[in-house]
1. So is B:Arg63 touching a helix residue (DSSP H, G or I) at 6+ places or on another chain (Cβ under 8 Å), over 21 Å from A:Arg104 (Cα atoms), among the charged types (D, E, K, R) and assigned to a helix (DSSP H, G or I) or not?
2. Name the residues in the stretch B:22-35 that are open to solvent by 30 Å² or more (accessible area, probe 1.4 Å) and within 7 Å of chain A (Cβ to nearest Cβ), would you?
3. Within the stretch A:89-119, track down each residue that is part of a loop (DSSP other than H, G, I, E, B) and either within 14 Å of chain B (Cβ to nearest Cβ) or of a type in the set (Phe, Trp, Tyr) (or both).
4. Please specify each residue of the stretch A:1-25 satisfying the condition of being surrounded by fewer than 22 Cβ atoms within 10 Å (Cβ to Cβ), more than 14 Å from chain B (Cβ to nearest Cβ) and under 13 Å from the mean Cα position of the chain (by Cα).
5. Considering (1) closer than 21 Å to B:Thr186 by Cβ; (2) open to solvent by 40 Å² or more (accessible area, probe 1.4 Å); (3) in contact (Cβ under 8 Å) with a residue 12 or more places away in the chain, say which one B:Val130 fails and leave the rest.
6. Would a scan of the stretch B:70-85 turn up a residue that is free of Cβ contacts under 8 Å to residues at least 40 places away in the same chain and within 26 Å of A:Glu107 (Cα to Cα)?
7. Checking the structure you have, find out if any residue of the stretch B:52-66 is among the hydroxyl-bearing types (Ser, Thr, Tyr), within 11 Å of another protein chain (Cβ to nearest Cβ) and surrounded by fewer than 15 Cβ atoms within 10 Å (Cβ to Cβ).
8. So in the stretch B:78-99, with the set limited to residues that are open to solvent by 30 Å² or more (accessible area, probe 1.4 Å) and aliphatic (A, V, I, L, M), which one is farthest from B:Ile158 (Cα to Cα)?
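The values are calculated or read from the model by the stated rules, or taken from the named source; none is laboratory data. This is a predicted model, so every value here is computed, not measured. Glycine also receives a Cβ, built like all others from the backbone with ideal geometry; neighbour counts cover every protein chain displayed. Calculation scope for accessible area: heavy atoms of the full protein, side chains included, ligands and nucleic acids excluded. Shrake-Rupley method; radii C 1.70, N 1.55, O 1.52, S 1.80 Å.
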Amino acid sequence: MKRVLLVEDDRAIRRIVAHHLVKAGYEVLEAEDGAKAFDLARTTTVDLVLLDIRMPAMDGYELADRLAADPITADIPIVVCSVVADEAKARILRAKTFLLRPFRVDELVAAVHEAVNAR
Amino acid sequence: MKSDFVSTVSHELRTPLTSIRAYAETLRDMVGGDPMVQEFLGVIESESVRLTRLINELLNLARIESGRIRFKQEPVAVSPLIMRAIQTAQPKADEAEIRIETQVPADLPALRGDGDAIQQVLTNLVDNAVKYNRPGGRVAVRVSINGGVAIEVRDTGIGMPERAVQRLGERFYRVDSSDTRSVGGTGLGMTVVKEILAAHGTHLEVESAEGVGSVFRFVLPLAEGGP
């Protein structure tokens with residue numbers, strides 16, 4: 001079973017996105033900030049990071065940089081879903097897809113499928 | 001409008017809106033066939049889509065007004081823009097059995113302006129012409145060469161009284177506040193149209209007669225031979 005690391009500080013969104021990913025057959029790890037996400041990505045096997053940008057503690061940009069700099073996590077595909085998706089395009093070059101909020105849930109699940117399977 | 005403020009607020013609104021939309025969509029799949037439950041959840045969903053459009057338009061408008069959008073000055077072929085505007089409005093037109101006609105000269109030369117912005121102007125005008133029409137009505141988009149490329153969108157709709165024509169384009173101004181519900185929309189479409197045309201050094205002419213219909217007209221310079 002493929003494992004998705006869902007990085008999102010908004011609890012309501014985390015809950016509903018996790019619900020749909022589980023329904024679509026993924027195992028979901030949740031992190032509410034970048035620091036916790038980075039720990040999880042280094043200590044467990046993760047097939048994809050679903051990334052919010054604006055978060056407390058460590059934001060999505062810093063997390064993406066740290067993941068890229070660490071050989072253990074450098075190859076994990078990233079899908080960004082954020083209110084600043086356009087801005088993120090210029091800064092997280094290796095992300096597969098950028099979804100602007102509000103996205104449709106089926107659109108998000110499709111983007112995850114595609115990024116995981118392209119690996 | 002303070003552009004930074006609008007931008008911040010727009011971003012802040014997107015996250016709760018994401019939740020509202022996602023939960024409504026999810027419930028629609030979960031609750032099964034009760035038509036009234038489906039209908040009510042459908043309202044939540046479509047209103048959240050409308051709110052999203054409103055946020056996008058507010059953001060867009062704030063950018064235009066702050067001068068942060070640099071409009072291009074490039075040759076633009078008009079016909080494809082008109083076709084796309086009609087395509088966007090077609091489902092709504094079909095629903096109300098409204099016929100959309102075009103009259104575009106076959107050898108129409110390109111105009112000079114910003115293609116994306118002019119697309120938005122045409123999309124908003126054709127959409128309005130369908131929305132404020134009557135069932136079985138008509139919309140005509142006509143283009144002619146007359147001091148530049150003159151574009152006209154005419155409808156056989158409900159029309160407007162003179163004072164409404166004067167106020168058209170004011171933010172959130174509605175000709176008839178009671179039909180906000182029935183026609184949807186954001187109340188910003190016409191403001192965006194006027195701002196874009198002003199940025200192109202031109203303006204929107206409006207003629208309207210209550211119960212007869214409205215005509216919206218503007219002229220943009222030809223790509224070649226213009227000043």
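1. yes
2. B:Tyr23
3. In the first step, residues of the stretch A:89-119 are kept if they are part of a loop (DSSP other than H, G, I, E, B); the result is A:92-96, A:101-104, A:118-119.
Those that are part of a loop (DSSP other than H, G, I, E, B) and either within 14 Å of chain B (Cβ to nearest Cβ) or of a type in the set (Phe, Trp, Tyr) (or both): A:Arg101, A:Pro102, A:Phe103, A:Arg104.
4. Passing the criteria: only A:Arg3.
5. (2)
6. Yes; the residues of the stretch B:70-85 include at least one that is free of Cβ contacts under 8 Å to residues at least 40 places away in the same chain and within 26 Å of A:Glu107 (Cα to Cα).
7. Applying the first criterion (among the hydroxyl-bearing types (Ser, Thr, Tyr)) to the stretch B:52-66 yields B:52, B:66.
Those still in the list that are within 11 Å of another protein chain (Cβ to nearest Cβ) too: B:52.
This time we only want the ones that are surrounded by fewer than 15 Cβ atoms within 10 Å (Cβ to Cβ), so: none.
No, every residue in the stretch B:52-66 fails to be among the hydroxyl-bearing types (Ser, Thr, Tyr), within 11 Å of another protein chain (Cβ to nearest Cβ) and surrounded by fewer than 15 Cβ atoms within 10 Å (Cβ to Cβ).
8. B:Met83
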